[in-house]
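Each reported figure results from applying straightforward, stated rules to the coordinates on display, with no laboratory input. Everything numeric in this text was worked out from a predicted model, so none of it was measured. Quick reminder, even Gly has a Cβ in these numbers, built from the backbone with ideal geometry, and neighbours come from all protein chains shown.
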Amino acid sequence: MLVTYLEASRDLCETDSILFGAALAVCRIIGAKLPMAGRATQQGSAIPAWRKRIEDRIAKARALIGRLISFRSGNIRPRVVRTVRMAFAGTNISLSQPDITQKLTERIDDLKQKIAAWGEADSTI
């Protein structure tokens, strides 16, 4: 009976649903317990992957802004300094430059603009 349904399926999503339904039926017949944590119970309730990626990007940028502001305020703890160095990796900017405060402010403003753009892209889609 499963072969009939699989031959009639039009796409991968439908094939997935058929196979999941068959596996669920077999588990109910043999009395096996099913963990539901690994699979979303409703397709519409899950957050789309693209939105999750944008939210993660925004969260990372906000964390970086916090560390940059902390460094600009005088925090020279190793973790903060390491993060600031990574933020300026690939550039010719050294943390001992006299205009590092200006460079930090520019980087913070750049990150804020990116967050605004990502947030706008998230709301328009």
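On full extension of the chain, what length is gained from M86 through I54, given 0.36 nm per residue of separation minus the C-alpha to C-alpha distance?
Net length gain for the segment: 9.4 nm.
For the stretch 43-91, the equivalent ellipsoid derived from the alpha-carbon gyration tensor has semi-axes of 31, 11, 7 Å in decreasing order.
Ordered by the number of other Cβ atoms lying within 10 Å of each residue's own Cβ, fewest first, F71, F88, F20 fall into the sequence F20, F88, F71. In this simple spin-label model, placing a label point 7 Å from the Cα along the Cα-to-Cβ direction at both Q113 and E14 gives a separation of 4.8 nm. The trypsin sites (Lys or Arg not before Pro) found in the stretch 93-125 include none that occupy coil by DSSP while having at most 13 further C-beta atoms within 10 Å.
Would you work out the charge dipole size for the chain about its Cα centre, treating the Cβ of every Lys and Arg as +1 and the Cβ of every Asp and Glu as -1, and quote it to the nearest 20 debye? Before the final figure, lay out the partial values.
Working: 20 positive and 12 negative charges, 165 e Å.
The calculated dipole for the chain is roughly 800 debye.
By the Kirkwood approach, averaging reciprocal distances over each pair of separate Cα atoms, the chain gets a hydrodynamic radius of 19.2 Å. Only helical runs count toward this figure. For the chain, summing -39,500 (n - 2.57) over DSSP H runs of n ≥ 4 and dividing by all residues gives -23000 deg cm²/dmol at 222 nm.
Each residue of the stretch 24-35 was assigned a 3J(HN,Hα) from its phi angle through the Karplus curve 6.51 cos²θ - 1.76 cosθ + 1.60 (θ = phi - 60°); the sequence is 5, 5, 4, 4, 5, 5, 8, x, 7, 7, 10, x Hz, with glycine and proline shown as x.
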